[in-house]
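Asker: Take this structure first; my questions come after.
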Amino acid sequence: MSQKIEHTGIITHIDGTKIQVQIVQLSACSSCHAKGACSASDMDEKLIDVESNDFTLKIGDQVQLLGESSMGLFAVLLAFVIPFLLILLSLLILRTYTSNEALSGTIALGVLVPYFMILSLFNKKLKNKLKFTVEKL
C-alpha cells in the first residue's frame, strides 16, 4: 500500500509547463504553543519545480503537491544512506593499508566526489523518478 506525500504551497513562477511552487516546511515543534520561548522551532521555505499541462493555474494560486512516499525514501537512500556506507566502507578498507587517520579520512571523504558526479550524470533520469504532481485547491 503506497502512501502519499502532500504539501500545500503557492505558485510563485510559471514558465510554460514548468511551475515553481513555494512550500513552507515546518518542524514538529514549530506548531507548539510554547515555540516563542524555545529556540528549537524551525520554519523553512522551499521552492519545488513541477511540470504541469494545467493552463488554468496562475501565479498566487494555492495548490497541493502530491508525491509517493517511496520517492522520498529513494531520495534519502541516494543522498544519505549510500554516501554514509561509502565513507564507512572506505574508512574500514583504508585503515588496513595506512595508520594515518587524517589521510584515511580525507580519502574516504574524497570518495564522495565521484559518487555525486555520477549522480549528476543521471540527473534527468532522477528528475523523472523523483517527480511531484500538482493539483489546484
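Read-outs: derived from the displayed coordinates by stated rules, not from any lab. Note that this is a predicted model, so its numbers are computed, not measured. Glycine also receives a Cβ, built like all others from the backbone with ideal geometry; neighbour counts cover every protein chain displayed.
Asker: Cα to Cα, under 13 Å, and not fewer than 8 places away if on the same chain: which aspartates and glutamates meet these conditions relative to Lys131?
Answerer: Filter leaves Glu6, Asp49, Glu51, Glu68.
Asker: I've got another one for you. Apply the Karplus curve 6.51 cos²θ - 1.76 cosθ + 1.60, θ = phi - 60°, to the phi angles in the range 122-136 and return the couplings in whole Hz, x for Gly and Pro.
Answerer: With the stated coefficients, the range 122-136 comes to 9, 4, 5, 5, 5, 5, 5, 7, 9, 10, 8, 10, 10, 9, 6 Hz.
Asker: Which chymotrypsin sites (Phe, Trp or Tyr not before Pro) in the range 49-137 pass both tests, a DSSP loop state and at most 13 other beta-carbon atoms within 10 Å?
Answerer: Phe55, Phe122
Asker: Taking a temperature of 25 °C and a viscosity of 0.890 mPa s, what whole-number D in µm²/s does Stokes-Einstein yield for the range 4-136 with Rh from Kirkwood over alpha carbon pairs?
Answerer: Answer from the Stokes-Einstein relation: 136 µm²/s.
Asker: Calculate, for Glu51 and Gln3, the FRET efficiency according to 1/(1 + (r/R0)^6) with r their C-beta to C-beta distance and R0 25 Å; round to the nearest 0.05. Present the calculation step by step, with values, prior to reporting the outcome.
Answerer: On the way: r = 22 Å, r/R0 = 0.89.
Working from the Cβ atoms, E equals 0.65.
Asker: Once both labels are modelled 7 Å past Cα along the beta-carbon direction, what's the Ser99-Tyr115 spacing in nm?
Answerer: 2.9 nm
Asker: Related question: Lysines within cross-link reach of Lys124: Cα-Cα under 19 Å, excluding same-chain residues under 8 positions apart?
Answerer: Cα-Cα hits under 19 Å: Lys18.
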